[in-house]
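The values are calculated or read from the model by the stated rules, or taken from the named source; none is laboratory data. Small disclaimer: the values here were computed from a predicted structure and weren't measured. Virtual Cβ from ideal backbone geometry, glycine too; neighbours counted across all protein chains shown.
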Amino acid sequence: MQDSFTRELVRLLFGEKISTLLQPIVNIEKNYVFGYEALSRGPSDSPLHGAQILFETAERCGLTSELEDLCLRIAAQSWSGQGCPSKLFVNISPAKLMPFEFNPSQLRELLETNRLKPSDIVIELSERYPTADPSELLKTLSRLKAEGFLIAIDDLGSGYSGLKLWSELKPDFVKIDRHFIRDIQDDLIKREFLKSVVELANRLGCKLIAEGVETNAELQVASDLGISLVQGFLLGRPKPFATACLDLLKVKVASAIKPSRQETAGSLCTDIQPVTSNESLQNALERLQSKPNIGG
């Protein structure tokens, strides 16, 4: 099986058979598509169609760099034909950004060929993958930021380096791992964790993106916590092109999110005329029964 996967990977690389799907990242506060994440896939009839098996096979074969080069090239070509003013989020592994791998001239050529600007691109760096030399990685990322690229930390909470990288790099975006979004409406610990992350992001001037939002309840909690950028099947599945329909999007968001209400102790109170010392107990009981919401 492994040998057949290796042969299939080599076939895909030489034939450039990788395709790019685009998943919208939505601003639910202002009802517009802020950007799209580029997601690479093999052919639909290939055993390496899925991203996980595709990249796992490349890593096992020592062809991760070649696969990433192809994915970036295909993503840039696909995006340049969209004519879309939104940001393009692309995933790059830390190893690809280390000095011995990173090729600035190749990156510039890729942008020029596809008529893209650095400010069009958000580089997503996942904390799932360990970094051998964080200081060298930070040098490259700082250089990219100076050239106008935007930087995102992906999968916050899935590993151990996210907060450290956040403090050192000062990224433009932090994407919250799906684990902390799934069923968050039923999990107090997850909500408290996200509250602290939101407060930190506000202090550092960083935008949060909630990943993997699939239900109205999850979207509601994200909105209540003040997270305005959302990505997930609820608002858009990965497609070959930028397909988000703004009218449909507005309906989805409006139907899912209820205006937040600040509860106070006063909101739990109900005015009722007090009884006098001369009234009978029967009158007092009837008055209470006429206000069933305070019958306790």
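Tabulated results
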item: In the range 52-87, residue modelled with the lowest pLDDT [restricted to those that are farther than 12 Å from Thr20 by Cα and among the hydrophobic types (A, V, I, L, M, F, W, C)]; result: Cys84
item: Any hit, the range 133-150, residues being surrounded by 16 or more Cβ atoms within 10 Å (Cβ to Cβ), over 18 Å from Leu39 (Cβ atoms) and basic (Lys, Arg); result: yes
item: Matching residues, the range 11-44, being of a type in the set (S, T, N, Q), in contact (Cβ under 8 Å) with a residue 24 or more places away in the chain and either closer than 22 Å to Ile151 by Cα or not in a strand (DSSP E or B) (or both); result: Thr20, Gln23, Asn27, Asn31, Ser40
item: The range 1-47, residues that are of a type in the set (Lys, Arg) and exposed (fewer than 14 other Cβ atoms within 10 Å of the Cβ); result: Arg7, Lys30
item: Val33 vs. criteria under 22 Å from the mean Cα position of the chain (by Cα) and more than 21 Å from Leu125 (Cβ to Cβ); result: yes
item: Lone unmet requirement of (1) loosely packed, with under 15 Cβ neighbours inside 10 Å; (2) in contact with a strand residue (DSSP E or B) (Cβ under 9 Å, 6 or more places away or on another chain); (3) among the small types (Gly, Ala, Ser); (4) within 30 Å of Ser135 (Cα to Cα) for Gly50; result: (4)
item: Condition broken by Ser86, with the remaining ones in (1) small (Gly, Ala, Ser); (2) out of contact with any Pro (no Cβ under 9 Å at 6 or more places or on another chain); (3) crowded, with 18+ Cβ neighbours inside 10 Å satisfied; result: (2)
item: All positions within the range 166-225 that are under 30 Å from Arg143 (Cα atoms), surrounded by 20 or more Cβ atoms within 10 Å (Cβ to Cβ) and under 12 Å from the mean Cα position of the chain (by Cα); result: Phe173, Val174, Lys175, Ile176, Asp177, Leu208, Ile209, Ala210, Glu211
item: Search result, residues across the range 50-68 that are touching a Lys or Arg at 6+ places or on another chain (Cβ under 9 Å) and either among the β-branched types (Val, Ile, Thr) or under 23 Å from Leu235 (Cα atoms) (or both); result: Gly50, Ala51, Thr64
item: All helices (runs of 4 or more DSSP H) inside the range 182-296 with 3 or more residues being under 30 Å from Thr20 (Cα atoms) and modelled with pLDDT under 65; result: 246-256
item: The range 173-202 - residue that is among the aromatic types (Phe, Trp, Tyr) and in contact with a Leu (Cβ under 9 Å, 6 or more places away or on another chain) and, of those, nearest to Asp154 (Cα to Cα); result: Phe173
item: Subset of the range 79-110 [in contact with a helix residue (DSSP H, G or I) (Cβ under 6 Å, 6 or more places away or on another chain) and under 20 Å from Glu37 (Cβ atoms)]; result: Leu88, Val90, Pro94, Lys96, Leu97, Leu110
